[in-house]
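The structure appears right after this line, and notes come after that.
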Amino acid sequence: MADWHPIMAAVEGPVGVWRMVDPMGREYGRVELRRVAGGELRYKAMSGGEVLGWASTLREACFRLHTAFLAAHGPGGGSVSDWGELTGHARRQG
């Protein structure tokens, strides 16, 4: 799996637009090639109608989208367990 990269989930079409698709074929994000101020080209990463950011390479934009996709599948915040530190039930040393 070391050779896999989120860019592998990108399906191009129409020209200058890449749809990020999950293993079931559902779109979870989109990358669009845009010309910005000064005539430079940038990749706009979007998910659910929200702009996640701009990137200077397609690889970076796909990575940003895929990271957001993975984060959406886990619980928000930190670990549910506090191991007793917050509740005062931690194991006593000594």
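Every number here is computed from the coordinates shown, using simple stated rules; none is lab data. What you see is a predicted model; the values in this text were computed from it and never measured. Cβ: placed from backbone, ideal geometry, glycine included. Neighbour counts: every protein chain shown.
Odds and ends about this structure:
- Surrounding net charge for Gly29, when Lys and Arg each add one and Asp and Glu each subtract one, Cβ distance under 13 Å: +1
- Relative packing of 35-46, 61-72, which averages over residues the other C-beta atoms within 10 Å, highest first: 61-72, 35-46
- Based on alpha carbons, the Rg and Dmax found for the stretch 15-57 are 11.3, 39 Å.
- Taking other residues whose beta carbon is less than 13 angstrom from the beta carbon of Val11, and scoring Lys, Arg as +1 and Asp, Glu as -1, yields 0.
- Trp54 sits among other residues whose Cβ lies under 11 Å from its own Cβ, and their net charge, with Lys and Arg +1 and Asp and Glu -1, is +1.
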